[in-house]
1. Let me confirm something: among 96, 131, which residue is closer than 26 Å to residue 19 by Cβ and out of contact with any Ser or Thr (no Cβ under 7 Å at 6 or more places or on another chain)?
2. Among the residues that make up region 97-105, is at least one of them touching a residue at least 40 places away in the same chain (Cβ under 8 Å), acidic (Asp, Glu) and under 14 Å from residue 42 (Cα atoms)?
3. Which pairs do you get when a residue that is in contact (Cβ under 8 Å) with a residue 12 or more places away in the chain, found in region 24-41, comes within reach of a residue that is of a type in the set (Gly, Ala, Ser) and open to solvent by 40 Å² or more (accessible area, probe 1.4 Å), reach meaning Cβ atoms under 6 angstrom, with the pair 6+ apart or on two chains?
4. Which ones in region 50-71 are surrounded by fewer than 21 Cβ atoms within 10 Å (Cβ to Cβ), part of a helix (DSSP H, G or I) and not charged (D, E, K, R)?
5. Could you say which residue among 111, 96, 92 is in contact with an Asp or Glu (Cβ under 8 Å, 6 or more places away or on another chain) and modelled with pLDDT under 95?
6. Here are the criteria: (1) in a helix (DSSP H, G or I); (2) modelled with pLDDT of 65 or more. Tell me which single one residue 211 does not satisfy.
7. (1) β-branched (Val, Ile, Thr); (2) buried (at least 19 other Cβ atoms within 10 Å of the Cβ); (3) within 27 Å of residue 225 (Cα to Cα): which one isn't true of residue 117, the others all being true?
8. What's the number of the condition residue 7 fails, among (1) under 17 Å from the mean Cα position of the chain (by Cα); (2) buried (at least 19 other Cβ atoms within 10 Å of the Cβ)?
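The values are calculated or read from the model by the stated rules, or taken from the named source; none is laboratory data. Owing to the predicted nature of the structure, the values given are computational and were not obtained by experimental measurement. Cβ placement follows ideal geometry from the backbone for every residue including glycine, while neighbour counts extend to all protein chains displayed. Ligands, DNA and RNA are excluded from the accessible area calculation, which covers all protein heavy atoms including side chains. Shrake-Rupley method; radii C 1.70, N 1.55, O 1.52, S 1.80 Å.
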Amino acid sequence: MDTVRETIGAVVGGRIGYEDGLDTLTVAPAAEVDPALAAALFDAAARLLRNGWQPAELHRLVTRRGTGVQPALIADAVAAHLRGFRPRTVDARWRAQAEELDARPWWGDDAGYLQQVLQHRRVDRVTLIDAVLTLLGLLRELPPIEMLVPPPGQAAAARRAPGTDAKLERVRALLAKAEATTFPAEAEAYTAKAQELISRHSIDEALLAAGTGTAVVPYARRIGVDHPYESEKASLLNSVARANRCHVVWSPEFGFATVFGFDADIDAVDLLHTSLLVQAHRAMARTEPPGGKAGRARLKSYRQSFLVGYAVRIGERLAEASRAALEQAGDPAALVPVLASRDVQVREARDRSFPSTTRGRGFRVASLEGWESGREAADAAQL
């Protein structure tokens with residue numbers, strides 16, 4: 001068994017050739033190899049889950065970089081990690097992500113885990129060992145990241161105001177209707193009502209906290225940004241965040257952005273960004289030029305320029321909507337200092353987590369057609 005563990009460590013660490021190590025593990029007795037590989041996989045995932053990585057983030061990164069059965073292996077590793085904790089000691093956000101991945105210990109004894117994966121996932125043994133080894137190599141390269149949600153065993157007390165979840169469900173329902181309808185006027189009505197609920201809730205929460213002296217602190221949430229055109233999509237997220245009094249740090253190497261702000265504002269950013277991205281893709285598909293080999297470069301430039309133009313114009317429209325919401329909120333003399341104080345707190349939270357950041361460079365717009373179409377689509381997008 002020790003020899004098998006040493007071989008696994010040497011392969012993952014690059015001390016022996018990968019093909020040689022794979023051949024050695026393939027011909028070795030399964031009774032020795034399988035438990036060692038399962039333990040190595042679960043231990044590697046647990047190290048990351050204890051050090052800032054959340055289930056959805058780790059699964060998403062493996063899905064982006066890995067292949068085949070590897071995302072399923074990560075979901076199983078999350079389930080294995082959860083077994084050692086009582087439910088009440090697991091943060092609700094962490095538990096919700098695990099449930100979304102269907103992370104549950106379906107396999108029974110860990111020593112027979114790989115053998116059951118062979119049957120359950122319908123892969124051959126060499127492919128499975130190869131998948132585990134390459135996954136271990138990927139996990140080994142990942143560093144600890146900022147702890148945004150307490151890991152299992154350190155659950156935080158609930159911090160949302162009563163009725164918040166019900167309001168968010170109403171917002172989600174309205175945005176879903178706005179995305180589904182084919183009638184612009186109907187979509188505008190649904191999304192305008194959603195924005196009204198979001199803005200009212202955010203401003204009410206800020207005034208309530210200031211009036212009662214409640215110690216409310218900003219938080220952060222990582223939001224995934226899918227390829228292709230990740231940077232352009234991240235610029236849309238940044239436009240939405242700035243209009244909702246949040247700050248964004250983009251981490252392209254991991255494919256996510258960290259949004260800093262107060263809960264109500266981060267919820268607004270998450271919901272609006274998702275809805276506006278759906279509308280952007282729909283509008284882009286209607287207006288983009290034909291592709292094919294000859295037009296592939298033109299199509300890429302068009303899409304990039306479209307998304308940049310869309311993000312810039314959406315930022316302008318949201319800023320206008322935000323100013324209008326402030327004017328309708330009541331006494332500006334009472335509200336503006338409260339929001340300014342909260343902005344300082346959000347900036348300080350960002351700087352504590354990311355003391356060294358680099359301001360993102362500007363985008364080169366290579367397609368005037370795409371830029372103008374993106375701005376037109378943003379004008380038509382329902383806020």
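1. On the way: 96 fails: closer than 26 Å to residue 19 by Cβ.
Going through 96, 131 in turn, just one is closer than 26 Å to residue 19 by Cβ and out of contact with any Ser or Thr (no Cβ under 7 Å at 6 or more places or on another chain): 131.
2. Taking region 97-105 and keeping what is touching a residue at least 40 places away in the same chain (Cβ under 8 Å), we get 97-98, 100-101, 103.
When the remaining residues are screened for being acidic (Asp, Glu), the result is 100.
After this cut, where a residue has to be under 14 Å from residue 42 (Cα atoms) as well, the list is none.
So far as region 97-105 goes, no, none of its residues is touching a residue at least 40 places away in the same chain (Cβ under 8 Å), acidic (Asp, Glu) and under 14 Å from residue 42 (Cα atoms).
3. 35/111
4. 56, 63, 70, 71
5. Values: 96 fails: in contact with an Asp or Glu (Cβ under 8 Å, 6 or more places away or on another chain); 92 fails: in contact with an Asp or Glu (Cβ under 8 Å, 6 or more places away or on another chain).
That would be 111, the only listed residue that is in contact with an Asp or Glu (Cβ under 8 Å, 6 or more places away or on another chain) and modelled with pLDDT under 95.
6. If we test residue 211 against (1) in a helix (DSSP H, G or I); (2) modelled with pLDDT of 65 or more, just (2) comes out false.
7. (3)
8. With (1) under 17 Å from the mean Cα position of the chain (by Cα); (2) buried (at least 19 other Cβ atoms within 10 Å of the Cβ) applied to residue 7, the lone miss is (1).
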